[in-house]
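Participant: Before we start, here is the structure in question, set down as structure tokens.
The values are calculated or read from the model by the stated rules, or taken from the named source; none is laboratory data. Values in this document were obtained by computation on a predicted structure and should not be read as measured data. Positions of Cβ are generated from backbone atoms using ideal geometry, with glycine treated the same way; all protein chains shown enter the neighbour counts.
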Amino acid sequence: MNKSARKLRDVYAVKAGAPLFHKEFGYYCMDAWHAQGLPENADLAAIFHYDSRGDFCLTGLGGCTAELFPCFEEKVIEDKGDTEIVQDSAGRHVLYFKGRRNGFMPEYVDHPVKDMKSWEEKIKWRMNSQTPGRLEDMRNRIELARPAAENELMIRQYMVGGYMYLRSLIGPESLLYAFYDMPELIHECMKSWLELADKVTAFYQKYLSFDELLLDEDICYNNGALISPEMILEFLIPYYQQLITNVRSRQIDKNRQLYIHLASDGFVDPLIPLYTEKIGLNVMSPFEVASGSDVVRIGQDFPDLVISGGIDKRILAAGKDAIDKELERILPPMIARGGYIPTCDHGVPEEVSLENYMHYRERCMEYSPLLV
């Protein structure tokens, strides 16, 4: 078996004392790091001692937005001097600084779905799984996935979660009203989500078995869930349950464990029991520390949960002494427990210096047991 795949599988098995798997969530710091001396073409895996990929990610079901096909035309809607309103590929109207699309939080001015009429005219037909051309990229992805599966890398299907999907269509505030005022619209949107997810996963499963379904959800904020458990149970869980049932039934390897991974910012603790009971949740990320998430406490409360994240971006920015103290608090108990992948609790921000991050990575390597 590929060494990295073996390490990652040991983590997912929550094997006590197993070597850490080394990777990072993402980066918002590259411009600053290049200014601090990181070469433009730097091999981050070599510099920061990351493991090679132990998994292979299948796409075709969105991420932060719905997987529309075709996407909306990206175009400037209004020039406002230093800023501009742009229609993005998901059909949202977004206020950007002129000439910039990344490195800051954009302001969403409008969303495409207002009612059943706008859903059918603007979005529903873009969710059709049978649209010619939609499956072409997936066919190419299969050709890359097959050798990964043969090398026993974990096969992950990445997809937009139901709440994140609905939010991208309707908008965060309007969605909260829509749950009450237009429940039939929400169910229609989720039926299309399920139909597309089922068709795409079925296509992939003709060729290989899945190890993981990753739902990119962002359903929490700093005080807990953005919607009530009752809303989750009515509008999300039935569609998740049906998809998971269908995926399990199609596995070529009937003995393969299917891990269910939910990714959400915010304070996620209250949702762990609900998702564990209703959809078999067994992996979560990235455990935002500023919201109150503490991976040591969560690891104790939920001993079978695979945990990825939980390294406070603010502490990485604070300096080496603060980093040392935090890693001493987190890594020994989490290594002893097993089932933990240390990463920043979101993309590494530019406030984290290259020197501090390098120190963090060197200390992680010092703590990590060796793979025997």
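Participant: So Tyr158 clears everything in (1) more than 19 Å from Pro112 (Cβ to Cβ); (2) among the hydroxyl-bearing types (Ser, Thr, Tyr); (3) in a helix (DSSP H, G or I) except one condition, right? Which one?
Facilitator: The number of the failed condition is (3).
Participant: Which residue, of Gly103, Gly91, Gly99, Gly81, is at positive phi and at pLDDT 90 or above?
Facilitator: Gly91
Participant: Working only within region 218-275, note down all residues that are closer than 19 Å to Asp301 by Cβ, over 17 Å from the mean Cα position of the chain (by Cα) and aliphatic (A, V, I, L, M).
Facilitator: Correct list: Leu274 only.
Participant: Another one. So Tyr239 clears everything in (1) in contact with a helix residue (DSSP H, G or I) (Cβ under 6 Å, 6 or more places away or on another chain); (2) over 18 Å from Leu194 (Cα atoms); (3) touching a residue at least 60 places away in the same chain (Cβ under 8 Å) except one condition, right? Which one?
Facilitator: (2)
Participant: If only one of Gly60, Gly37 is assigned by TED's automatic domain parsing to the domain that holds Met182, over 30 Å from Val200 (Cα atoms) and touching a residue at least 24 places away in the same chain (Cβ under 8 Å), which one is it?
Facilitator: Numbers: Gly60 fails: over 30 Å from Val200 (Cα atoms).
The unique qualifying residue is Gly37.
Participant: In addition: Determine whether region 28-39 contains at least one residue that is at pLDDT below 95 and closer than 25 Å to Pro333 by Cα.
Facilitator: No, region 28-39 contains no residue that is at pLDDT below 95 and closer than 25 Å to Pro333 by Cα.
Participant: Please verify whether Glu212 is buried (at least 21 other Cβ atoms within 10 Å of the Cβ) and either at pLDDT 95 or above or among the hydrophobic types (A, V, I, L, M, F, W, C) (or both), treating the condition exactly as stated. Full working, then the answer.
Facilitator: Values: buried (at least 21 other Cβ atoms within 10 Å of the Cβ): yes; either at pLDDT 95 or above or among the hydrophobic types (A, V, I, L, M, F, W, C) (or both): yes.
Answer is yes for this residue.
Participant: Picking from Arg314, Arg329, which residue would you name as being farther than 29 Å from Asp31 by Cα and without any contact (Cβ under 8 Å) to a residue 40 or more places away in the chain?
Facilitator: Arg329
Participant: While we're looking at this one, here's another question. Scan region 12-20 and tell me whether some residue there is hydroxyl-bearing (Ser, Thr, Tyr), assigned to a loop (DSSP other than H, G, I, E, B) and touching a residue at least 40 places away in the same chain (Cβ under 8 Å).
Facilitator: Within region 12-20 (the criterion being hydroxyl-bearing (Ser, Thr, Tyr), assigned to a loop (DSSP other than H, G, I, E, B) and touching a residue at least 40 places away in the same chain (Cβ under 8 Å)), the answer is no, since none of the residues qualifies.
Participant: Still on this structure: Could you check region 316-372 and list, in sequence order, the residues that are among the small types (Gly, Ala, Ser) and under 19 Å from Arg6 (Cα atoms)?
Facilitator: Ala336, Gly338, Gly339, Ser368
Participant: Could you tell me whether Ser52 is out of contact with any Gly (no Cβ under 8 Å at 6 or more places or on another chain), among the hydroxyl-bearing types (Ser, Thr, Tyr), in contact (Cβ under 8 Å) with a residue 40 or more places away in the chain and over 21 Å from His346 (Cβ atoms)?
Facilitator: So Ser52 passes the test.
Participant: Still on this structure, please answer the following. Got a sec? Which of Ala145, Ala202 is surrounded by fewer than 18 Cβ atoms within 10 Å (Cβ to Cβ) and closer than 20 Å to Ile260 by Cβ? So that I can check it myself, show each step before the final result.
Facilitator: Details: Ala145 fails: surrounded by fewer than 18 Cβ atoms within 10 Å (Cβ to Cβ).
Just a single option satisfies the conditions, and that option is Ala202.
Participant: Quick one: Ser368 ticks every box in (1) closer than 17 Å to His22 by Cα; (2) surrounded by fewer than 18 Cβ atoms within 10 Å (Cβ to Cβ); (3) modelled with pLDDT under 95; (4) over 19 Å from the mean Cα position of the chain (by Cα) bar one, so which box is it?
Facilitator: Looking at each condition in turn, Ser368 falls short on (2).
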